[in-house]
Structure formats: structure tokens, C-alpha cells
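Undergrad: First, the structure itself, so that you have it in front of you.
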């Protein structure tokens, strides 16, 4: 289950606020890391990459965050490397009581990469939180084709910004009216 969207940070703040009035959540950066330490915040508005330009020209490579209930321990998996050593994974595989939020974001000069809220898990918590995010996005954003577009993202689109999955994608794959 997933919901795809185009949004600026200011579009997403009200979404986080709506969901967080119902539940206390934690947002933990996903990925492979050199240590077991995790990086978490207790509000979507505090996600460190939310207001920064997208670090990669493709939405799929943008930072994503594991969303869990406050107090839910984050399980970190050991990933032995063929070249030796170990990396540590923070992901849904070992954390089924979670969903993923991937904000997407602006990629200079005039591109907005899509974000998503999704889950590979079908636990009651994952379904409930996904539904809360999907509902807030559905109420606050405009539905355009397969995407939901936040108010500021919509204004950028109307002014000629590309709303796309990747900078290198041909323009015919951008969101079109």
C-alpha cells in the first residue's frame, strides 16, 4: 500500500500535524549505516532533510523514514559485507510495526520530486497509520492522476516547475494536467 504525492515542506507540515494529533510517533532515518546508532525525531516537522534540497535527482533515492509508535524499539539488522565488515540496516524488514514516509522534495533549479507514504507491512498499526497519512493527504492535497499535489507544489507546477520521479526522466513522464 502506498500513496504518492508532490509536496513542499510547508505542504507536509499540516499532514504531520493531523496525524500526530492522534498518535505520538517517531521518524527514524532508513538505510545502511556504519554503526548501530539510529537517527530519530519525534515530529515530522523536525525531519532533518525536509527543508533541504533533494540530495539525489531521483525520488527513489531520496531519504526515507521509518515511522513507528513512541516507545516501539527500532530493530537494527546486521548486514555482513562480502568485502568484510558489517553494515547496519534500518528498514521495515525487521520493523513490521511501521510505515515509510519519503518526503521527496525540490531538486534545483525547478524540479519537484515525488514523495510517498507506504508500507510493506500489513500489521494493524501499519494499516492504521498509513490510513491516517493517506487520509490527511487526501483531504489537504489535490488529486491529479495517480498523485496527490500539495497546495504549494500545485502553485510551483502552475508556474512551470517539473513534477517528476527523476530529473533524467523525459518530460513526457512528468505530471501532466
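Computed from the coordinates by the stated procedures, all read-outs in this text should not be read as laboratory data. Small disclaimer: the values here were computed from a predicted structure and weren't measured. So basically every Cβ, Gly included, is an ideal-geometry build from the backbone, and we count neighbours across all protein chains shown.
Undergrad: At 222 nm, what helix-only mean residue ellipticity would the chain give, in deg cm²/dmol to the nearest 500, using -39500 (n - 2.57) for each DSSP H run of four or more?
TA: -6500 deg cm²/dmol
Undergrad: Continuing with this model, one more query. Could you work out how far apart the two model spin labels at residue 128 and residue 32 are, taking each label as a point 7 Å from the Cα in the direction of the beta carbon, and quote it in nm?
TA: Here the answer is 3.5 nm between the modelled labels.
Undergrad: For a quick check, take a GNM of the chain with Cα springs below 10 Å and name the residue from 20, 155, 97 with the largest mean-square fluctuation.
TA: 155
Undergrad: Sorting 99, 129 on the 10 Å Cβ count, fewest up front, what's the list? Write out the running numbers ahead of the final one.
TA: Details: 99 29, 129 25.
By the 10 Å Cβ count, ascending, the order reads 129, 99.
Undergrad: Taking 0.36 nm per residue of separation and subtracting the Cα-Cα distance, what length does fully extending residue 52 through residue 169 add? Intermediate results must be reported in sequence, preceding the final value.
TA: On the way: separation 117, 0.36 × 117 = 42.12 nm, distance 2.18 nm.
Separation in residues times 0.36 nm, less the Cα-Cα distance, equals 39.9 nm.
Undergrad: Pick out which of 137, 79, 13 has the largest mean-square fluctuation in a Gaussian network model of the chain, springs linking Cα atoms closer than 10 Å.
TA: The residue with the greatest mean-square fluctuation here is 79.
Undergrad: Report the Cα-based extents of the chain along its three principal axes, largest first, to the nearest Å.
TA: 47, 41, 26
Undergrad: With a 10 Å Cβ neighbour count serving as the proxy for reagent exposure, in which order, fewest first, do 145, 131 appear?
TA: 145, 131
Undergrad: Modelling each spin label as a point 7 Å along the Cα-to-Cβ direction, I'd like the residue 145/residue 88 distance in nm, to one decimal.
TA: Each label point is offset 7 Å from its Cα along the Cβ direction, giving 4.1 nm.
Undergrad: For the pair residue 42 and residue 155, how long in nm is the line joining their label points, each one 7 Å along Cα→Cβ?
TA: 3.2
Undergrad: Hey, in the GNM for the chain with a 10 angstrom Cα cutoff, which one of 110, 37, 17 fluctuates hardest?
TA: Top of the fluctuation ranking is 37.
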